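The structure under discussion appears below in the form of structure tokens.
The values are calculated or read from the model by the stated rules, or taken from the named source; none is laboratory data. Note that the structure is a prediction, hence the values are computed from the model and not measured. Heads up, the Cβs are rebuilt from the backbone with ideal geometry, glycines too, and the neighbour counts pull from every protein chain shown.
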Amino acid sequence: MVASDVPVFREYLSHCVDALLPPAGNADALAAALRAVLTEPALRDRLRTEGAATAARFTWEASARAHAEVYAAGS
């Protein structure tokens, strides 16, 4: 995955682990990250594997459970 390095993505993605996070607004860095994913098979495979593991943590069931816990804590 390639995404801009902004707080909403940094909450669950780690640069060079499960995503490449070039600085927001930096077109050259974004282009370099996209080029890396297209031209470096080992990087692409690692990001795909780690990204799938990250995505698996955010199922609808896990999200509903987390929301229920927040609501219960507020009672």
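Structure notes:
- Scan of the range 1-15 for residues that are assigned to a loop (DSSP other than H, G, I, E, B) and over 15 Å from ALA53 (Cβ atoms), ordered by number: ALA3, SER4, VAL6, GLU11
- Positions within the range 53-63 being closer than 14 Å to SER14 by Cβ and either part of a helix (DSSP H, G or I) or in contact with a Pro (Cβ under 6 Å, 6 or more places away or on another chain) (or both), in sequence order: ALA53, THR54, ALA55
- Filtered by the rule that a residue be in a loop (DSSP other than H, G, I, E, B) and either under 10 Å from the mean Cα position of the chain (by Cα) or surrounded by fewer than 16 Cβ atoms within 10 Å (Cβ to Cβ) (or both), the range 16-29 gives CYS16, VAL17, ASP18, LEU21, ALA24, GLY25, ASN26.
- Among the residues of the range 31-66, the ones that are closer than 19 Å to PRO7 by Cβ and over 15 Å from the mean Cα position of the chain (by Cα) come to 2 in all.
- Residue match in the range 30-50 (condition: surrounded by 12 or more Cβ atoms within 10 Å (Cβ to Cβ) and either at pLDDT below 95 or of a type in the set (S, T, N, Q) (or both)): no
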